[in-house]
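Asker: Sharing a structure, written as structure tokens. Questions coming.
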Amino acid sequence: MTRIIAGRARSLALAVPGSGTRPTSDRVRESLFGALEAAGLVRDAAVLDLYAGSGALGLEAVSRGAASAELVEKAPVAASVAERNARNVARAVPGARVHVRRTGADAFLRREPGPYDLVFLDPPYDLGDSELAATLEVLVPALAADAVVVIERAARSPQPILPDGLALTRSKRYGDTMLWWVARA
């Protein structure tokens, strides 16, 4: 079962799509958000969760005090699940500003200029390296000056190809999952 780990919606169960997504494990989310909060990156942040799936990453951020979250998911079933989860979190966190956008990541980024303070990219494992690189390139103009981007991929995946304007700041492996932290160069 996937759940919100901490904050105002703590322990709230989240629905997950039946197939086609792989939610970030509670263990990885707990470690990730511990590091993000220690760095002061969550409170009052404008969050963007690309390839949102269930929306667990963006919704965890809202539970922990993020100002807003945009959950971008083009798969219809996953987007419906994210909408249901967003409504449940909004009930637990009055005033939460969460929007689910039923569109592809690149299309959303071309329409919504941001700026975003904290961005999560957890694309499907079958998304090619060049496609991820293209999304990162379109993302750069939508980032706040001190934004942090967290990219989640399979541990067997190569380090993402970063466009001009972004630099790798850290990486960490959690079993079969790899997280890369990226910031403006």
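Each reported figure results from applying straightforward, stated rules to the coordinates on display, with no laboratory input. All values reported here derive from a predicted model rather than from experimental measurement. Positions of Cβ are generated from backbone atoms using ideal geometry, with glycine treated the same way; all protein chains shown enter the neighbour counts.
Asker: Relative to the longest principal Cα axis of the chain, at what angle does helix 76-92 sit, 0 to 90 degrees, rounded to 10?
Answerer: Roughly 60 degrees between the two axes.
Asker: Here's another thing I want to ask about it. With θ taken as phi - 60° and the coefficients 6.51, -1.76 and 1.60, list the Karplus ³J(HN,Hα) couplings across the range 166-172 in order, rounded to whole Hz; mark glycine and proline as x.
Answerer: 10, 9, 6, 10, 6, 8, 8
Asker: Same structure, new question: Size of the dipole of the chain about the Cα centre, Lys and Arg at +1 and Asp and Glu at -1 on the beta carbon, nothing else charged, in debye to 20?
Answerer: 620 debye
Asker: Give me Tyr125, Tyr174 ranked fewest to most by other Cβ atoms within 10 Å of their Cβ, as a rough exposure proxy.
Answerer: In increasing order of surrounding Cβ atoms, one gets Tyr125, Tyr174.
Asker: A follow-up question, please. Using helices alone, what [θ] at 222 nm do you get for the chain, with -39,500 (n - 2.57) per DSSP H run of 4 or more residues, divided over all residues and rounded to the nearest 500?
Answerer: It comes out at -9000 deg cm²/dmol, rounded to the nearest 500.
Asker: Shape of the chain from its Cα gyration tensor (a ≥ b ≥ c, root eigenvalues): rounded if a/c is under 1.5, otherwise prolate when a/b > b/c, or oblate?
Answerer: In terms of gyration-tensor shape, rounded.
Asker: Could you give each residue of the range 110-117 its phi-based ³J(HN,Hα) in whole Hz, using Karplus coefficients 6.51, -1.76, 1.60 with θ = phi - 60°, and x for Gly or Pro?
Answerer: Those phi angles translate into 6, 9, 10, x, x, x, 10, 8 Hz.
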